[in-house]
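The values are calculated or read from the model by the stated rules, or taken from the named source; none is laboratory data. Everything numeric in this text was worked out from a predicted model, so none of it was measured. With ideal geometry, Cβ positions are generated from the backbone for all residues, glycine too; neighbour counts draw on all protein chains shown.
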Amino acid sequence: MEQKDASARFFVDDTPIRVFKNSKDLGVRYPFDQPMKLYSSLWNADDWATRGGREKTDWSKAPFVASYRGFHVDGCEASAEAKFCATQGARWWDQPEFQDLDAAQYRRLAWVRKEHTIYNYCTDHDRYAAMAPECKRDRDV
């Protein structure tokens, strides 16, 4: 069961910080039937991800550590034999009312983007002359 309007939404303390919408029809890969994993890293992106290089990393504050506390993921267990989750459509997060953010969540996401986003490839006209197709579509950009 492929849902056209599906989106992966990332929250921190009930605040949306990222929405990855299904733009498969535009050629953008989207995780419908393959397992997903969460991976994070820290890297030096002084030359491009820090307001165009204007903000440099303060290396005197190293070592930098990232950790997760109270981490919870809702999903289903995948197996090599199963193409889709056996519970697809049966869980609360699969229901239509949870396929997108509500108006209050979009306002909060806009605040997060305005106050905390340092880099957004959709607005990086120096590196990307043409805007990516998903950027034109998403109302949260």
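Matching residues to (1) over 22 Å from Tyr119 (Cβ atoms); (2) at pLDDT below 75; (3) surrounded by 11 or more Cβ atoms within 10 Å (Cβ to Cβ):
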| site | (1), (2), (3) |
| --- | --- |
| Tyr39 | no, yes, no |
| Ala45 | no, yes, yes |
| Gly52 | no, yes, yes |
| Ser67 | yes, no, no |
For Thr87, are the conditions met, namely being hydroxyl-bearing (Ser, Thr, Tyr) and at pLDDT below 65?
yes
Counted residues in the range 1-37 being polar (S, T, N, Q), assigned to a strand (DSSP E or B) and modelled with pLDDT of 80 or more come to 1
Pairing a residue in the range 119-137 that is under 18 Å from Leu26 (Cα atoms) and surrounded by 11 or more Cβ atoms within 10 Å (Cβ to Cβ) with any residue that is among the acidic types (Asp, Glu) and at pLDDT below 85, where Cβ atoms lie under 7 Å and the two sit 6 or more apart in sequence or on different chains, gives none
